[in-house]
Amino acid sequence: MPVLSAASAPSSPFEPKESRRWLKPRVQGELLYRLAPLRPKRKRLGGVDLPDRLRSLVRAWWIWLAAAFVFLETGLWYLALPSAALAFVFYHTSPRFHPAIYALDPGLNPKSAEFRSTIAGMTGTPFLDGNRVTIYNNGDEFYPAMLEAIESAQHSVTMEQYIFWNGQVGRRFAEAFAEKAREGISVKLLVDAIGSATLGEEILRILQAGGCQLAWYRPIHWFTLDRANQRTHRKSLIVDGRVAFTGGAGMADHWLGSARDEHEWRDTQIRVEGPAVVEQQTGFAQNWLLTTGEILSSHDYFPVPRSEGTVQVQTILSSPSAGAGAAGTMYMIAVQCARDYIYIANPYFIPDARVIEMLAGACRRGVTVKLMLAGRRNDTWWARQNSLRLYGKLLRAGVEIFEYQPAMLHQKTMVVDGAWATVGTTNFDNRSFALSEETNVCFHQESLVQELCETFAADLARCRRIELSAWNRRGLVQHLKEQLASLIEDQV
């Protein structure tokens, strides 16, 4: 059989050069999918009703841009300008991600190895052995533990934080950071330019005097507006690359105390020691590189892993740059596989139609679904109204909803079947799923899962259950508030 080579191949003076590939004919349409596997005929998740479609049209940037041109052509410049402004805002704030639209079969047992490998495969994060995990409730527990860890640092302290505010807590941590930097220990702090905008000159002076390094994640400039909506919502503190904290709490005075009243937020933090710490350090290092251009190296940040316990830990780093948020994928897999119960505590619960349908399907399978949400003390009016608007769909599906009464509930935890649990920074809304950098720690350790169950039960005693009949009696004014808030449901 003759063998063609570059030397023997026929040539033509009219053959296009490699740099002109765009002139070559494209693959014919009928050939594109000839050998593609047949797609199973499965029901798509999340049927969209008429109000949702109308809201999508109102938020569509291209409609407002077209309207601006129409107004400009007709001489209505005073309408063209606001229309163009809305087009600009909606274009830069619309989430660009690809959510799951087909659910996996609910055949995986959350207690099985297959469940763990599925979540690991779909999120791109393995479970790592040899860790010790400690759960802390409220500022009176987790702040002293975090400060003690900082004071024990021998090589490095790194922090990625959404909220670092001026106040008693902020100054105390700044002093701890500065003290370690004066000892010659590397202290690198990455804070969100919006969430920590109120950091204050006093704290900056303390950090500067100590020799700390601080970088702002995505500061707002006219030339960065295309990514200004993407924030880091992580709350990671890593010491020596061996101890890491994360959870719902930032560094501000309203997390002090033990959730006794509206001045003391209810929250949960988790401490990890062992090989899984490298994942949180990786999340920090990648965003530090993105922000400063500096590559972190050496054992100061990435020491040789050593076993510290017996817990398998998965640390999920979710990022909008991945296209499909890993944290949202994790939540959906857990909901779809639940067999007995799902306990969710989350302050900002604004599920889309896909998640509502999956929760409804779980209820139909006989799964008990309990949601513990922030009540009237919610710090975000827009999030509160959007949650209230969706209560009806959830209650009619059989979901039990409870609102925490004494204080602002802010922890982000989920327990499934007493077998699997997660603690982290991810809210149950589109901003966390599609627009923010997030961190969640997952584990299958029975005693830790049971501890979270007991905490959930204790918090449930301080909640008010929401009944469908009471929800249906909402007045016209409340309906209008909810519809107004729904226009920006993707942003809260």
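Each reported figure results from applying straightforward, stated rules to the coordinates on display, with no laboratory input. Quick caveat: nothing in here was measured; it's all calculated off a predicted structure. Counting neighbours? That spans all protein chains shown, and the Cβs are built from the backbone with ideal geometry, glycine included.
Which order do ILE185, ILE220 fall in if you start with the one that has the fewest other Cβ atoms within 10 Å? If you can, show how the numbers build up before the last one.
On the way: ILE185 20, ILE220 12.
Starting with the residue having the fewest Cβ neighbours, the order is ILE220, ILE185.
Which one, VAL70, ALA176, LEU237, projects farthest toward the positive side of the charge dipole computed for the chain from Cβ point charges (K/R +1, D/E -1)?
Of the candidates, VAL70 comes out farthest on the positive side.
Of (i) 240; (ii) 215; (iii) 142, which is the value of volume of the Cα convex hull per residue in Å³ derived from the coordinates here?
Here the calculated entry is (i).
What is the count of Lys pairs in the chain whose alpha carbons sit under 21 Å apart, if the two are 8 or more places apart or on different chains?
Count of close lysine pairs: 9.
Using amide H atoms built 1.01 Å from N in the peptide plane, name the residues 5+ places from VAL187, or on other chains, whose amide H lies under 5 Å from its own.
Under 5 Å from the amide H of VAL187: VAL157, GLN213.
Return the FRET efficiency for the residue pair GLU454, PHE69: r is the Cβ-Cβ distance, R0 is 60 Å, and the value is rounded to the nearest 0.05.
Taking R0 as 60 Å, the efficiency between GLU454 and PHE69 is 0.50.
Given a Förster radius of 45 Å and the C-beta distance between PHE88 and THR310 as r, what FRET efficiency does 1/(1 + (r/R0)^6) yield to the nearest 0.05?
0.25
If Lys and Arg each add +1 and Asp and Glu each add -1, what is the summed charge of the other residues whose beta carbon sits under 15 Å from the beta carbon of ALA458?
-1
5 Å is the cut-off here: which amide hydrogens, built 1.01 Å from N in the peptide plane, fall below it relative to THR268, excluding neighbours closer than 5 in sequence?
So THR268 has HN proximity to ASN138, GLY248, ALA249, GLN411, LYS412.
Subtracting the Cα-Cα distance from 0.36 nm times the residue separation, let me have the gained length for ALA209 to TRP471 in nm, one decimal.
88.9 nm
In deg cm²/dmol, rounded to 500, what helix-only [θ] at 222 nm does the chain give when every DSSP H run of at least 4 residues adds -39500 (n - 2.57) and the total is split over its residues?
Taking each H run of at least 4 residues, the total per residue is -11000 deg cm²/dmol.
Net charge near TYR343, counting Lys/Arg +1 and Asp/Glu -1 over other residues with Cβ under 12 Å of its Cβ?
Result for the local shell: -4.
Out of residues 5 or more away from THR232 or on other chains, whose amide H comes under 5 Å of its own, with H placed 1.01 Å from N in the peptide plane?
GLU437
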